[in-house]
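The values are calculated or read from the model by the stated rules, or taken from the named source; none is laboratory data. Bear in mind that the values here come from a model prediction, so they are computed numbers and not experimental data. Because the Cβ atoms are built from the backbone with ideal geometry, glycine has one as well, and the counts that use them run over all protein chains shown. Areas reflect the complete protein model, heavy atoms only, side chains present, ligands, DNA and RNA absent. Shrake-Rupley method; radii C 1.70, N 1.55, O 1.52, S 1.80 Å.
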Amino acid sequence: MKSGLKIVALTFLVLISIDLCAQDGVVLRGSVQDAETGELIIGVNVIEYDQDKRIITGTITDPNGNYVLNVTNPDAIIMFSFIGYKAQEIALEGQTSLNVLLSAESYELEEITVTAEANTDPLSNVAQRDVASSRVKIDMVDSKHMGAVSAEEALAGKVTGLDIMSFSGDPGSGSSIVIRGLGSLGNARPLIVVDGIPQSVVISQDFDLGSADQEDIGDLVNIAPQDIKSIEVLKDAASGAVWGSKGADGVLLIETFRGSRGKTKFDYQGKYTWNKQPPPVPMLNGNEYIMMQLEEWHNAKGIYDVPQEIAFDPDYIDFYNYTANTDWVDAISRDGFINEQFFKLSGGGEKTRYYASLNTHNNKGTTINTSLKRVTTRVNLDYNVSRKIRFSVNFSYSNSNKEDNYQFRVEGTKQRTNIREMAYQKAPNMSIWEYDFKGDLTGEYFNPVESYQGSGLQYFNPVAVGNLSQNDVIENRISNSFTLTYNIAPWLNFIQMVSMQYVGQKKNEFLPYNAVGSDWLNELNNFQLEQNNTNTEIITRSQLRFIPRMSENHTLSGMLMFETDQINFEWSTLQGMSGPSTEVRDPAANTPIKWLGSGTQETHILGLLVNLNYKFKDKYITQLNFRADASSRFGSNNRWGMFPSASFAWRFSEEPWMTNLTFLTESKLRFSYGQAGKQPRRAYDRHAIFNTTNPSQYILRPIVVPLQVQLANLKWQTLTQANLGIDISLFNRIDITAEVYSKKTEDLLWSNYKIPKSSGFTTLKQYNGGELLNEGWELDLSAFVIRKRETTLWLNFNISHNVNSFVAFPENFNNEVDLSIGNGQFPRRADLGEPVGSFYGFKYLGVWPSDDDVVATNENGEVLLDVNGNPVPLSYKGTYLFQGGDARYADINHDGQIDLQDVVYLGDSNPDFIGGFGGNFRWKDISVSTQWQYRLGYVVVNEVALNTEGMLNKNNQSKAVLHRWRAQGQDEPGMLPRAYLNHPANNLGSDRYVERGDYLRMVNLTVAYGLPKNICQKFRVRSLDVAVTMRRIFTFTYYTGQDPEISPNIENPFWFGTDKAKTPPPKAFTLSIALGF
Amino acid sequence: MTIKIFNMKCIRILLFIIICLLPASSCDDWLELIPPDGLVRDEYWKSKEDIEATLMGAYQSFAGLNGNLFLFGEMRADMIESDQNTPNAQRSIMLGNIYPDNSMTDWSEFYTVINYCNNVLKYAPEIIKFDQTFTEYQMRGFEAEAVFLRSLAYFYLVRIFKEVPLVLEPSEQDDVQFYLPKSADTTILRVISEDLNKVKLYVTDDYGSPEENMGRATKGAVLSLLADISLWNFDYQECIDYINEIEEIGYLLMPGGKWFEVFYPGNSLEGIFEFQFDQGLGQNNALWQKTYYTNRVIQASKTALDLLTPETSSEIIRGPGSLRSYDGMIWKFCGAASDGVTYRPSSERNSCNWVVYRYADVLLMKAEALSQLGRFDEALTVINQIRSRVLMNAAEIPYTTEAFEDAIMEERATELAFEGKRWFDLLRLGRRNNYSRKSKLIEIIIEKVPSTQKLVLASKLTDPFGWYLPIQENELERNSNLVQNPYYADYSTD
């Protein structure tokens, strides 16, 4: 296929060819009256059909009930229809004037939602009830009042096997979504499909983000939650297989609302949310901090000259700047507020149905200078060209503007320091604002080039950076799709879809010189960055569906599909430095260029799918899929991946011998087995690329060198999954679903796989190797406890368990890394068969009360003696002798030394159980619903505590350190070690900072009241609802940090969960009003 | 009519199906996408220009390493000292606290050069088969250059790490064996001397410009490297033979008044092989930043000051040309004249060449070889040749091997101060005659170590493996076939 354009062109060709030649017309005139009252009716549809029931032309009656229609065929059939009246069809038979009486429908129309449309998978054409694979569909109608900002948030805790964790509480930061454990390395995010269109993922350029920050890929789908009709989670390979190479990490199918026949409906919803941060870790104030620093100096150095910053010397020029009591965390925090407005218009008639919506979202974050403004619009149109041909158009556009703070890149790593991390470190005796030597405010931020803590670039003023710096991302996302459905014959139809997506992102960073302390020549002064990313994706899909009519006992359907996908990604970055002023924020303004770069990546993917569904007697169900994908990211030898899958179901409740069990309703047993593939994330990794270097010549001769290794053996990562499930329905009220699965990933793709540097390279861009296994089970229960006309109570509960482990490592893989130990370091090791996320460290036993207590002991607890009979001193690596007040670690091998040999297993960061429960209760017009989420059985490293309780540097520490060792002999329970500047071993990676992360959290609690119908009618509105939602008000956890939600990310087998002072998701209170006309 | 429409439909359906299935034939083209930036391997290796461009990449990468070449040659020796802004990795090595996690033990840049050279050596013979403009003579010349650079890289690696993996094939594709074990230093030295001997006939002596004649491999450069390797192997006669060949080429010693021109502006009559830098071409030499006095990274040691201060040593040319005695600033890479006052403009500092071999160096090698063979008269002549041109009195040395050894060591320290030679000279001294003089080497190493650790370190360093750097921890983690230098095996970072 040369390009998808061919198909587009062909589609239009077909459309054109459908138009028949115009014939000489006849003018038909007349009027339409109510049969009973004789009133003339306005707006009646008058439509001409041909024999094939194809719409030829149409009009509506004018305010006088009259119409004029230019009829093409004198023998046509004319149809008169209007809401509330019975439609009439009249054969014209050459008449030129036709007066019609319409009689009212005999019953009063209540507002009803028609769900008669076949509820089928958009690709495989299998009805929901016949599904044999593992998939869960969540109807979003009941969640319209929830304060949820995104689809991900609305799903939390609702579906088994689905682990959703917010990356951060900052606006627009998105969530991590993991289906049934991590099956890939790095970013294992599921594919999101909106109305049958896989959503483009914005690939970050990777010049400095070899592995993109999770936050950068967080917010994938800017879709208004109110537009979402349902979300379906496809969990096993058999259901995901039809989505091809992108669906290997699971699929979320999102369906948006479409118009339905009937009067135009107008809906409005206003939501106002107040966000409150959970209380921060309490930190030392200025005086407590200075006291602690003095102790650190004294313990480490004995008699010393007190640095003037902490000496309380009124003659010191910066005296006033270093004697403040600043609560930095409080200074950068605020209450957040979200204002969300939503309008929608929907309706339709014979030929056309429409749905249009507009959503504005305005989110002020809980950290200063963070916000998200987003406008989303969506138009879904369906047009029936004839009974055989239907044309659908989906169009959506969103514009979002995310504001954040400049993040300092930590030297030599990919990490960034945000202002919240700094607020926890910054010395509280420093003032936010600068005082002169007399104690008068100068009006500037206090930003010394070299402060007590260190350089002004490393220890910046978080308030100044928050208020002055810029880190904005503007994103425009346009997505549209055209679908033509052609019913060739009752048993055969053809669907042609073309979709185009465009995502444009523009990022601007600016760091004004007055936000940080640095000398004028520093290149970070007035640093400017502009980055543009453009993603375009064109997908075409041709489907041929067969639904042959068979005898009653046999149902057969099948489908052939051909898909092309073209993905194009372009980026450019411009970094300027030393700009002339704080107002010139554009790096193109002729400032010295710090870095320039651009790139393009294009990928072509072909997909073929054959699908066959067979059902016998409505009891035995078989679905077979065969998918083949080819991607340009692979070389020609491994380009095609074949991914078959099969699923079987047995609806045992239909068996005659089961019919006695009257309590058992619709129940089935399911089994599925299938494969899915995954391709590398970047387009050109497989090539050996030759390019020039910097400098680009030697003497006067040009330079071209190989920059990456050719990957001749790169192949698809293959996931094989088996799933056994049972769905039981009891008394038509209780639903139970239980599943067990085993998911094995082979030929794992490693991005930037490290190879020996003696090769002349440091990494292979991609490498296939190793196997990863996820095994687990899931249980979901739901029940209508009460189901009466005025009162209903529905409860649900779900739990899932997943164990993740490596079953094979790549050849030559080293499973022990970072064996250096030291303060804050955890040696890491991965073992075959053990869960990923294990970590190791020392056992912390408290504090040595005095110098005399420090002894090395043998296994029996006796003092260890050397050959001369003298006690062996307990040392750290033989270089530092422990003293009173130092941290006490278990000397596991009793050799008198605390070293690598004393490191023990401390736990793993994979939760044993995740799940949720909730329910809703309705009484008359009042409803209450709630959802809770839990994760159990995992530990995390509380890095915030590690950084704020060590007392060995000049960072601020938490209030917990007030209870520390200060004098020989002091021995109190829970006491922390002594303050000691640059202590070699007081803060080793130990279980002191390893905490249980288990939590139970209230996701939401909503109380809604709908105005009764009769009152609504008085106000001439269709409906009026008011709701109050509270989210994340309660969290039950042992965890002492701010938030135990640590999103998993296994870039390599050595991952473990650490809490890094991200902005915690706030407590939210939402008032929402929904009004319908 | 109905039938007719149905037929049309059938045709349309057929058309669609055909269109849908058609692409299978041409889809390979559609799926073959080539990156728009740069070239892929299928498009490269087409002409002699490609060979030359990669070869130039090897020169440039090696030249970019010069800051490290300086450090590897001086760091553990006695001519330089740390200052307040010395990076921790370098400071630790100077203090003898060497652990495998030290970032200075990263050898990747040497292997980048080696990989480029391996590419050149593989493809030069291939391209000559279809590039009509590529002559056999040119091809042999390129090969000789690549062999020279690769051998020089391995010679450095052997002197720094002792045993390293010997990679002779390019890392082109993911099925290449990346996980090579170490090769013995003797094997590596044998392989590279054989290679160099093979190519020395083909190497060009005239590239057409003085910059290229100094900046690219010439016969003199290949012979100097061979002489250096022979001396390292204590094959004195072989060394002398190579140097005799060099002498025939016609290099000259710069006269005393112009001695400083060896370093500024460089490419002097004395130069044999110098990595070329030119700020105007974007080829900056950042070495001066390490030695510039305001940066406070590296300063001359007391030994260097004693050796070179004119007041104590009467070195009136080489002394002020090498360092500034009142603040210990290394002057060779910053000055415009040997007066300690006139700085080069910063553009000139960036354009300073890095001298790998020069004639004085080679002559002193010869003196060393001669003296070891007991040919003291000839050796003394050479030494005095070096001394007299910088207006120093003729040396008077007792006719013993050891006295000559010490005198030549001092002469080399003076003549080649801060040129990245000293540590390797000391290693040669320590290894000679079955380590008979290793205590002198150890004495020098522990000079900079704090007094509390001197004794411990001195006893540890009697193990000659401790004279080499450890394999970086990071590299050991990547390659399980590597075995750590036994000296460091017990001193992992725990």
What residues in region B:276-292 lose 50 Å² or more of accessible surface when the other protein chains are added to their chain alone (1.4 Å probe)? B:Leu281, B:Gln283
Lysines within cross-link reach of B:Lys129: Cα-Cα under 18 Å, excluding same-chain residues under 8 positions apart? B:Lys46, B:Lys48
Taking only protein heavy atoms and a 1.4 Å probe, what accessible area per residue, in Å², does region B:116-225 have with all protein chains in place? 37 Å²
Averaged per residue, the 1.4 Å probe accessible area of region A:343-401, protein heavy atoms only, in Å², is roughly 37 Å²
Order A:Phe882, A:Phe1034, A:Phe784 by their accessible area, 1.4 angstrom probe, all chains in place, largest first. A:Phe1034, A:Phe784, A:Phe882
Solvent-accessible surface (1.4 angstrom probe) belonging to B:Glu52, in square angstrom, nearest 10: 40 Å²
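For region A:756-908, what % of the accessible area comes from carbon and sulfur atoms, probe 1.4 Å?
Ligands and nucleic acids excluded, carbon and sulfur give 49 percent.
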From the gyration tensor of the Cα coordinates in region B:105-231, what semi-axes in whole Å does the equivalent ellipsoid have, largest first, with each one equal to sqrt(5λ)? 24, 20, 12
Given bins 10 angstrom wide, list per bin the percent of all Cα-Cα distances in region B:134-183, short to long. 22, 37, 32, 9
For region A:971-1077, the percent of accessible surface on carbon and sulfur atoms (probe 1.4 angstrom, ligands and nucleic acids excluded) is 60 percent
Given an 8 Å cut-off on Cα distances and at least 6 residues of separation, report the relative contact order of region A:985-1053 as a percent. 40 percent
Gain upon complete extension [A:Gln341, A:Asn399; 0.36 nm per residue less C-alpha separation]: 19.4 nm
For A:Leu98, what charge total do you get from the other residues with a beta carbon under 13 Å from its beta carbon, if Lys and Arg give +1 and Asp and Glu give -1? -2
In this model, which of A:Lys276/A:Lys402; A:Lys594/A:Lys1060; A:Lys765/B:Lys182; A:Lys668/A:Lys924 are farther than 23 Å apart at the alpha-carbon? A:Lys594/A:Lys1060; A:Lys765/B:Lys182; A:Lys668/A:Lys924
Counting only protein heavy atoms with a 1.4 Å probe and every protein chain in place, the carbon and sulfur fraction of the accessible surface of region A:386-493 in whole percent equals 50 percent
Please label the shape of region A:286-388 as rounded, prolate or oblate, based on the square roots a ≥ b ≥ c of the eigenvalues of the alpha-carbon gyration tensor (a/c under 1.5 means rounded; beyond that, a/b larger than b/c means prolate, else oblate). prolate
Region B:299-392: Rg/Rh from Cα coordinates, Kirkwood Rh? 1.04
For A:Thr662 and A:Leu1071, what is the calculated FRET efficiency with R₀ set at 45 Å and r taken between the beta-carbons, to the nearest 0.05? 0.45
Provide the net charge surrounding B:Val203, with neighbours chosen by a C-beta distance below 13 Å and charges set as Lys +1, Arg +1, Asp -1, Glu -1. -2
Any lysines with Cα under 19 Å of the B:Lys200 Cα? List them, leaving off those in the same chain fewer than 8 positions away. B:Lys122, B:Lys219
List the aspartates and glutamates whose alpha-carbon lies under 16 Å from that of B:Lys290, not counting same-chain residues fewer than 8 positions away? B:Glu74, B:Glu81, B:Asp83, B:Asp327, B:Glu348, B:Glu419
Convex hull volume of the Cα atoms in chain B, per residue, in Å³? 207 Å³
May I ask you to compute the full-extension gain from B:Ser451 to B:Ala395, defined as 0.36 nm times their residue separation minus their alpha-carbon distance, rounded to one decimal in nm? 16.7 nm
Select from region A:484-538 those GluC sites (Glu not before Pro) which occupy a DSSP coil region and have at most 13 other Cβ atoms within 10 Å, ordered by residue number. A:Glu523
Students often get this wrong, so check it: of A:Lys757/B:Lys162; A:Lys271/A:Lys344; A:Lys86/A:Lys1013, which have C-alpha atoms separated by over 19 Å? A:Lys86/A:Lys1013
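To the nearest 100 Å², how much accessible surface do chains A and B cover up together, summed over both, with a 1.4 Å probe?
Summing both sides, the interface buries roughly 6900 Å².
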Beta bridge orientation in the protein assembly as shown: antiparallel %, DSSP, nearest 5: 95 percent
With a probe of 1.4 Å, find how much accessible area region A:1018-1077 has per residue, and write the answer as a whole number in Å². 43 Å²
Stretchable slack from B:Lys129 to B:Thr187, in nm (0.36 nm times residue separation minus alpha-carbon distance): 17.6 nm
Could you pull out the trypsin sites (Lys or Arg not before Pro) across region A:347-425 that fall in loop regions by DSSP (anything but H, G, I, E, B) with no more than 15 other Cβ atoms inside 10 Å? A:Lys351, A:Arg387, A:Lys414
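If R₀ is 56 angstrom, what is the calculated FRET efficiency for the pair A:Val807 and A:Lys1018, using the beta carbon separation as r and rounding to 0.05?
On the way: r = 68 Å, r/R0 = 1.21.
Given R0 = 56 Å and the Cβ-Cβ separation, E is 0.25.
Out of the chymotrypsin sites (Phe, Trp or Tyr not before Pro) in region A:723-762, which ones are loop residues according to DSSP with at most 16 other C-beta atoms within 10 Å?
On the way: sites: A:Phe731, A:Tyr741, A:Trp750, A:Tyr753, A:Phe761; in loops: A:Phe731, A:Phe761.
Here the sparse-neighbourhood loop sites are A:Phe731.
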Probe 1.4 Å - accessible area at A:Ile317, Å² to nearest ten: 110 Å²
Computed FRET efficiency, Cβ-Cβ of A:Leu730 and A:Ser551, R0 56 Å: what is it to the nearest 0.05? 0.95
The protein assembly as shown: calculated mean residue ellipticity at 222 nm from DSSP helix runs of at least 4, using -39500 (n - 2.57): -6500 deg cm²/dmol
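How much net charge surrounds A:Pro911 when only other residues with a Cβ under 12 Å from its Cβ are counted (Lys, Arg +1; Asp, Glu -1)?
Spelling it out: positives minus negatives among the neighbours equals -3.
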Label zone at A:Lys619 (point 7 Å along Cα-to-Cβ), backbone N below 19 Å, region A:653-677: A:653-671
A:Tyr1038 paired with B:Thr342, simple spin-label distance in nm, labels 7 Å along Cα-to-beta-carbon: 7.7 nm
Cα gyration tensor of region A:217-297, axes a ≥ b ≥ c as square roots of the eigenvalues: rounded (a/c below 1.5), prolate (a/b > b/c) or oblate? oblate
If you bin the C-alpha pair distances of chain A every 20 Å from 0, what whole percents do you get? 10, 36, 34, 15, 4, 1, 0
Give me the one-decimal nm value for the distance between modelled label points at A:Ser230 and A:Tyr1009, 7 Å along each residue's Cα-to-Cβ direction. 3.3 nm
